[in-house]
Amino acid sequence: DAGITQSPRHKVTETGTPVTLRCHQTENHRYMYWYRQDPGHGLRLIHYSYGVKDTDKGEVSDGYSVSRSKTEDFLLTLESATSSQTSVYFCAISEEGQSTTYNEQFFGPGTRLTVL
Amino acid sequence: AQSVTQLGSHVSVSEGALVLLRCNYSSSVPPYLFWYVQYPNQGLQLLLKYTTGATLVKGINGFEAEFKKSETSFHLTKPSAHMSDAAEYFCAVRKFASKIIFGSGTRLSIRP
């Protein structure tokens, strides 16, 4: 299994509070991603990173920010959590290259976030 | 623009029966296609992928998928379902800059 951990694995918080989720990898992959998973929507990309300090928005980025100060860590922050952000959050990593062994994404175990 | 459509949010088959999960894609460039599986309370795991070459791709756990360009399809099959196959399955297409677009998922149930 790819070395990807997420913390915390479960969190319950209240509306309006800030929340930070952490993704840590030991694979030295360049790309890192944050997704949210909701019933009927599959996985939707929130933000991704293509290198240290290099990040970009995904399709559902409103209300979220990210930071990547080291290759191995990618943080997702909800500045002021809302009930609509109750979801399961997955981190993923990938590497890019010409070989067809690249291009797939490896996923962490997920963080279940409940915003009351 | 790339997109993925999975037909059927829930599929139920009997143990030992054929599994067929449908996926159609749209892509303006030759696609990279993936099937991922998610077991309860776990992350996604790659089942198989198509990049180039042979259009019939074999994956883990006896699953395979066939890339049909003329039909823009990448359906997932397994000849004989096992109880342990019960999970959610996601079809996905590579977009660009390493971004992947996922379908909405198909939950597979296995009847004893």
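The values are calculated or read from the model by the stated rules, or taken from the named source; none is laboratory data. This one's a predicted model, so the numbers in the text were calculated from it and none came from an experiment. A quick note on method: Cβ atoms are made from the backbone with ideal geometry, for glycine too, and the neighbour counts reach across all protein chains shown.
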Would you pick out the residues in region A:40-58 that are more than 9 Å from every other protein chain (Cβ to nearest Cβ) and either closer than 26 Å to B:Tyr89 by Cα or surrounded by 17 or more Cβ atoms within 10 Å (Cβ to Cβ) (or both)? A:Ile46, A:His47, A:Ser49, A:Thr55, A:Lys57
Select, from B:Lys49, B:Lys78, the only residue that is buried (at least 18 other Cβ atoms within 10 Å of the Cβ) and modelled with pLDDT under 95. B:Lys49
Hey, among the residues in region B:22-46 that are under 21 Å from B:Asp85 (Cβ atoms) and free of Cβ contacts under 8 Å to residues at least 24 places away in the same chain, which one's surrounded by the fewest Cβ atoms within 10 Å (Cβ to Cβ)? B:Asn41
Within region A:60-71, work out how many residues are closer than 17 Å to A:Thr86 by Cα and outside any strand (DSSP E or B). 4
Taking interchain pairs and intrachain pairs at least six residues apart, which have beta carbon atoms under 8 angstrom, with the first residue in region B:9-21 and away from chain A (no Cβ under 14 Å) and part of a loop (DSSP other than H, G, I, E, B) and the second surrounded by 13 or more Cβ atoms within 10 Å (Cβ to Cβ) and of a type in the set (A, V, I, L, M)? B:Glu15/B:Ala81; B:Glu15/B:Ile110; B:Gly16/B:Ala81; B:Ala17/B:Ala81; B:Leu18/B:Ala81
Residues that are surrounded by 12 or more Cβ atoms within 10 Å (Cβ to Cβ), at pLDDT 95 or above and of a type outside the set (Lys, Arg), drawn from region A:16-27: A:Thr17, A:Val19, A:Thr20, A:Leu21, A:Cys23, A:His24, A:Gln25
In region A:2-38, residues that are β-branched (Val, Ile, Thr), part of a strand (DSSP E or B) and closer than 14 Å to A:Phe106 by Cβ total 2
Looking only at residues in region B:22-72 that are outside any loop (DSSP other than H, G, I, E, B) and among the charged types (D, E, K, R), which one is farthest from A:Gln6 (Cα to Cα)? B:Lys68
Can you spot a residue in region A:104-112 that is at the interface with chain B (Cβ under 9 Å from one of its Cβ atoms), at pLDDT 95 or above and more than 21 Å from B:Ala92 (Cβ to Cβ)? yes
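When you check B:Tyr50 against the structure, is it within 10 Å of the chain's Cα centre (by Cα) and at the interface with another protein chain (Cβ under 10 Å from one of its Cβ atoms), yes or no? Please lay out each step first, then the result.
Working: within 10 Å of the chain's Cα centre (by Cα): no; at the interface with another protein chain (Cβ under 10 Å from one of its Cβ atoms): yes.
It is false that B:Tyr50 is within 10 Å of the chain's Cα centre (by Cα) and at the interface with another protein chain (Cβ under 10 Å from one of its Cβ atoms).
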Here the residues within region A:16-25 that are touching a strand residue (DSSP E or B) at 6+ places or on another chain (Cβ under 8 Å) and of a type outside the set (D, E, K, R) are A:Pro18, A:Val19, A:Thr20, A:Leu21, A:Cys23, A:His24, A:Gln25
Of the residues that sit in region B:66-75 and are under 13 Å from the mean Cα position of the chain (by Cα) and more than 14 Å from chain A (Cβ to nearest Cβ), which one is surrounded by the most Cβ atoms within 10 Å (Cβ to Cβ)? B:Phe74
Yes/no for B:Ile110 being in a strand (DSSP E or B), at pLDDT below 95 and surrounded by 17 or more Cβ atoms within 10 Å (Cβ to Cβ): no
Return yes when A:Ser80 is touching a residue at least 40 places away in the same chain (Cβ under 8 Å), polar (S, T, N, Q), assigned to a loop (DSSP other than H, G, I, E, B) and over 26 Å from B:Trp35 (Cβ atoms) and no when it is not. yes
